[in-house]
1. List the pairs from K93/K231; K99/K231; K93/K217; K244/K294; K26/K155; K26/K93 whose alpha-carbon separation is above 22 Å, in the order I gave them.
2. Using the charge dipole of the chain (Lys, Arg: +1 at Cβ; Asp, Glu: -1 at Cβ; taken about the Cα centre), state which of L143, I313, Y91 has its Cα farthest towards the positive end.
3. Evaluate the Debye formula for the range 236-323 with equal point scatterers sitting on the alpha carbons, no solvent, and hand back log10 of I(q)/I(0) at q = 0.13, 0.24 Å⁻¹, in q order, two decimals.
4. Output the peptides 30-40, 109-119 sorted from most to least packed, where packing is the average of other Cβ atoms within 10 Å over each peptide's residues.
5. Which value at 222 nm does the chain reach when only helices count, each DSSP H run of 4 or more adding -39,500 (n - 2.57), with the total divided by all residues and rounded to the nearest 500 deg cm²/dmol?
6. Quote the charge dipole size of the chain about the Cα centre in Debye, to the nearest 20; the model charges only the Cβ of Lys and Arg (+1) and of Asp and Glu (-1).
7. If you take the Cα atoms of the range 1-55, find Rg, then find the Kirkwood Rh from the mean of 1/r over all pairs, what is Rg/Rh?
8. With a cut-off of at most 14 other beta carbons within 10 Å, and DSSP calling the residue loop, which chymotrypsin sites (Phe, Trp or Tyr not before Pro) in the range 1-65 qualify? Please list them.
Amino acid sequence: MEQPLQVINLDIQGMTCAGCANSVEKALGNVNGVGSAEVNFALNRASVHFNPEFANSSQLLSAVENAGFNARRLKENDDFAELSEQSEEEYLKLRGRMKFALGFSVPLVLLAMAPMLGFSLPVLLSPETKPLNYGIIQLLLVLPVLWAGRDFYTKGFFAFSRWSPNMDTLIAIGTSAAVGFSVWNLTGISQNIEGLYFETAGVIISLILLGKSLESKSRIRASEAINSLLKLRPKEAVLIHDGKESSIPIDLVHSGDILRIRPGSIIPVDGVIAEGSSYVDESMLTGEAVPVKKTIGAEVTGGTSNTNGVMDIRVIRVGAQTVLSSIIRMVENAQLAKAPVSRMADKVAGVFVPIVLIIAAVSGILWWVSGAETNDILRYTIAVLVIACPCALGLATPIAILV
């Protein structure tokens, strides 16, 4: 008899766009025994349904790692506070890099646009009198911006080497081509100062870093719902044994134990009142702010608050069986599930980058066949890559669905 499919949730690190999520889904789907795999790019989560007769967690983790990403298994009692701290650290890192990049991009754009806007520059920087200095200063200003966006190049070219290009690949190739073309033109700058595109690369990287930082902030907001529920679960409980009280970790509480609940404390697990009575605030369950009176024999729910009386409860459900754990699990599943429009966006993003690269190559070949000059061929080819860099559909849709 065929075994029923099991579900495993994975934390995926290293994804930078919806194309990456599509690559992870393909890698997991290719494992023998996997029924379905859903990857949520906005939450860095994957939910995999698999047959334990043919697949196991180690094979799934290996498949993700072979695709160029890092993965770890999420357990029922995983520390979401730690995951939230990791998201906060990632946001602070991206925000710092974004500010650093903007600090150099703004003067770079002002310098590059000044002649077009009719502003005069100092003699040593003027493109008319010192064109070489004008170009070298732009090059020196764009280098720190490229360093701030170094992850785009390492991840982008790595993905390209594995024949799974993503948005980072597009950014890396587009900005590298723009900078390379500008450096190449720098040797003949006295004849043509319009062949410099340093500011284009700088602005693209700065804006993408801005988008990444906003996206990271949205991920933190996405986990706030679960974190707020987890705060309702105390870490310790007061156990009554042979008439004596002792404080024990919540993980050591078992069904049938007698726990004492004092006024103002949160009920740690689901139970039935064995002694005493009190008014219990059940607003986290019902939304009703008025406390409900509970007497002997009444059932109380973990996560609700005892307001005024002392009562002893007999534990009936612990761990994953409690109502609070069920609510947390439902919230997680709701966030992991994809809306139909998000599925469509992932499919488009999965083929978007390869199509753009093909169009850019075809554009260059056609201009070469038509007899265009080398500068024009490179300019038109680079224009296709640069214009497509933001990849707005793959970036914006998951966040829009999440928010």
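1. Over 22 Å apart, Cα to Cα: K93/K231; K99/K231; K244/K294; K26/K93.
2. About the Cα centre, the residue reaching furthest to the positive side is L143.
3. So the normalised log intensities are -0.35, -1.23.
4. Values: 30-40: 17.5, 109-119: 13.5.
Top of the packing list down: 30-40, 109-119.
5. -18000 deg cm²/dmol
6. 540 debye
7. Values: Rg = 11.7 Å, Rh = 11.5 Å.
Rg/Rh for the range 1-55 comes to 1.02.
8. Details: sites: F41, F50, F54; in loops: F41, F54.
Answer in residue order: F54.
A short reminder: the numbers here are calculations on the coordinates, not readings from a lab. Keep in mind that this is a model prediction, so the values were computed, not measured. Heads up, the Cβs are rebuilt from the backbone with ideal geometry, glycines too, and the neighbour counts pull from every protein chain shown.
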